[in-house]
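Reviewing the structure listed below.
The values are calculated or read from the model by the stated rules, or taken from the named source; none is laboratory data. In this text, all values refer to a predicted model and were calculated from it rather than measured experimentally. As a convention, Cβ positions derive from the backbone with ideal geometry for all residues, glycine included, and neighbour counts pool all protein chains shown. We work out accessible area using only protein heavy atoms, side chains counted, and drop any ligands, DNA or RNA first. Shrake-Rupley method; radii C 1.70, N 1.55, O 1.52, S 1.80 Å.
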Amino acid sequence: MIGIVVGTNRKEAVSEQVAAYYAALLNERGQTADIIRLTELPPDFIATALYEHAGKNEQFNRVRDRLLAASRLVFVVPEYNGSFPGVLKAFLDGFPYPSGLEGKRIALVGVSTGIQGGALALSHLNDIFSYLHADVVGVRVKLMQIDRYLQEGKITHPFYNQLLSMQIDALLR
């Protein structure tokens with residue numbers, strides 16, 4: 001099972017559509033995917049599931065445990081204010097340290113309506129995963145101007161599809 005994390009808790013996020021498309025690409029290769037939505041987190045998880053409250057919030061634990069159970073992970077991450085959403089950082093802070101993501105194979109996909117495709121967000125997230133000793137795939141897909149190339153749940157840009165295919169190859173190796 002490959003976990004695909006929608007890196008925002010914004011309702012009806014473009015990142016969720018990209019995650020569903022990624023899951024379909026994996027399915028075409030005979031892989032199953034579990035889309036992990038941060039909208040499933042309890043709204044008060046920062047106060048009820050982190051630090052001295054670790055392990056005490058069952059709703060948070062269910063979402064976290066699905067991610068930890070995945071053999072590989074894909075993070076589909078929008079760029080917010082030059083980085084990734086704070087809810088994703090808070091979610092990651094609720095993982096066991098240092099072993100929660102250690103050695104886990106992770107692919108990163110940036111989503112942006114701008115021209116950088118979430119490059120800064122992916123850079124910051126990569127630093128965190130490196131610190132946590134995760135195995136981040138070298139092919140980082142940056143989907144810039146996604147509003148132009150996501151039509152009816154499908155990515156229409158041939159080069160974006162080529163990059164996604166290359167990333168999936170690397171993720172599955």
Residue list for region 137-162, restricted to those being in contact (Cβ under 8 Å) with a residue 24 or more places away in the chain and surrounded by fewer than 19 Cβ atoms within 10 Å (Cβ to Cβ): Gly138, Val139, Gln145, Asp147, Gly153, Lys154
Long-range neighbours under 6 Å by Cβ, at least six apart or interchain, first residue closer than 11 Å to Ile46 by Cα within region 86-104, second among the polar types (S, T, N, Q) and not in a helix (DSSP H, G or I): Val87/Asn9
Criterion: over 15 Å from the mean Cα position of the chain (by Cα), surrounded by 15 or more Cβ atoms within 10 Å (Cβ to Cβ) and either touching a residue at least 60 places away in the same chain (Cβ under 8 Å) or not in a helix (DSSP H, G or I) (or both) - qualifying residue of Gln31, Gln17: Gln31
Of the criteria (1) crowded, with 16+ Cβ neighbours inside 10 Å; (2) charged (D, E, K, R); (3) within 20 Å of Ala20 (Cα to Cα), which one Lys104 fails: (3)
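How about region 38-63: which of its residues are of a type in the set (A, V, I, L, M), touching a residue at least 12 places away in the same chain (Cβ under 8 Å) and in a helix (DSSP H, G or I)?
Pass one, region 38-63, residues of a type in the set (A, V, I, L, M): 38, 41, 46-47, 49-50, 54, 63.
Next, from what is left, pick out any that are touching a residue at least 12 places away in the same chain (Cβ under 8 Å): 38, 41, 46, 49-50, 54, 63.
Result: Leu38, Ile46, Val63.
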Residue list for region 112-136, filter: open to solvent by 40 Å² or more (accessible area, probe 1.4 Å) and among the small types (Gly, Ala, Ser): Ser123, Ser130
Within region 34-53, tally of residues that are surrounded by fewer than 16 Cβ atoms within 10 Å (Cβ to Cβ) and farther than 14 Å from Glu16 by Cβ: 8
Complete set of residues in region 113-130 that are farther than 11 Å from Phe84 by Cβ and either in a loop (DSSP other than H, G, I, E, B) or of a type in the set (Ser, Thr, Tyr) (or both): Thr113, Gly114, Ile115, Gln116, Gly117, Ser130
Members of region 64-101 found to be assigned to a strand (DSSP E or B), under 15 Å from Gly3 (Cα atoms) and open to solvent by 50 Å² or more (accessible area, probe 1.4 Å), listed by number: Arg72
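Starting from residues that are aliphatic (A, V, I, L, M) and more than 17 Å from Gly7 (Cα to Cα), keep the ones in region 102-132 and report whichever is nearest to the chain's Cα centre (by Cα). Spell out how you get there, then give the answer.
Kept after step one, since they are aliphatic (A, V, I, L, M), are these residues of region 102-132: 106-109, 111, 115, 119-122, 125, 128, 132.
Applying the additional criterion that residues be more than 17 Å from Gly7 (Cα to Cα) yields 115, 132.
Details: Ile115: 20, Leu132: 15 Å.
The residue in question is Leu132.
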